[in-house]
1. Just from its helices, what would the mean residue ellipticity at 222 nm be for the chain, if runs of 4 or more DSSP H residues each count -39500 (n - 2.57) and the sum is divided by every residue, rounded to the nearest 500 deg cm²/dmol?
2. Please report how far the C-alpha centroid of region 3-44 lies from that of region 77-112, rounded to the nearest whole angstrom.
3. How many nm is it between the label spots at E100 and E35, if each spot is 7 Å from the Cα in line with the beta carbon?
4. Relative contact order of the chain: what whole-number percent is it, with Cα pairs under 8 angstrom and at least 6 residues apart?
5. What ranking of L44, L3, L10 emerges when the number of other C-beta atoms within 10 Å of each C-beta is taken as an exposure proxy, fewest first?
6. Can you sort R11, R101 from fewest to most other Cβ atoms within 10 Å of each residue's own Cβ?
7. On a 0 to 90 degree scale, rounded to 10, what angle separates helix 78-89 from the longest Cα axis of the chain?
8. So if the hydrodynamic radius of the chain is defined as the Kirkwood radius over C-alpha pairs, what does Stokes-Einstein give as its diffusion coefficient at 10 °C and 1.306 mPa s, in µm² per second?
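Just so it is clear, none of the values below were taken in a lab; they were calculated from the coordinates. Quick caveat, the model's predicted, so the values are computed rather than measured. We place every Cβ from the backbone using ideal geometry, glycine too, and count neighbours over all the protein chains shown.
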Amino acid sequence: MILPEKGHLLRIFIGESDKYEGMPLYEWIVHKAREHCLAGATVLRGLEGFGAHSRIHTTKLLRLSEDLPIVIEIVDTLEKIEKFIPVIDGAITEGLATLERVEIRFYRSGKK
């Protein structure tokens, strides 16, 4: 797959304990991104954060949280991301999604 120089980054903020169709929501989103042939997806687990409820979720020893912040990043063309957002919209009951323009410098698989 070849990506143009101008792309878009979809960034989704959810909680680690969020579920959809019996699986972790972040895992479900990554599988859906692959099914829709998006260029790739990365899941990042946060050490600490808060969202719309203003509750702190942290890894600190005295306040262990089982609902740490999760960020899913997907980079592809605007057209593909715009088609993908309605697919995941209904699955995200709490969270945030942002979309921003990015410059793609390279996208390599390592295969020649």
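1. Details: 2 runs with 23 residues, N = 112.
So the helix-based figure for the chain works out to -6500 deg cm²/dmol.
2. Centre-to-centre distance over Cα atoms comes out at 7 Å.
3. 2.9
4. On the way: 182 pairs, mean separation 49.7, N = 112.
Across the chain, relative contact order equals 44 percent.
5. On the way: L44 12, L3 15, L10 24.
Ascending Cβ contact count within 10 Å gives the list L44, L3, L10.
6. Details: R11 15, R101 9.
Final ranking by Cβ density, sparse to dense: R101, R11.
7. 30
8. Values: Rh = 15.1 Å.
Rounded, D is 105 µm²/s.
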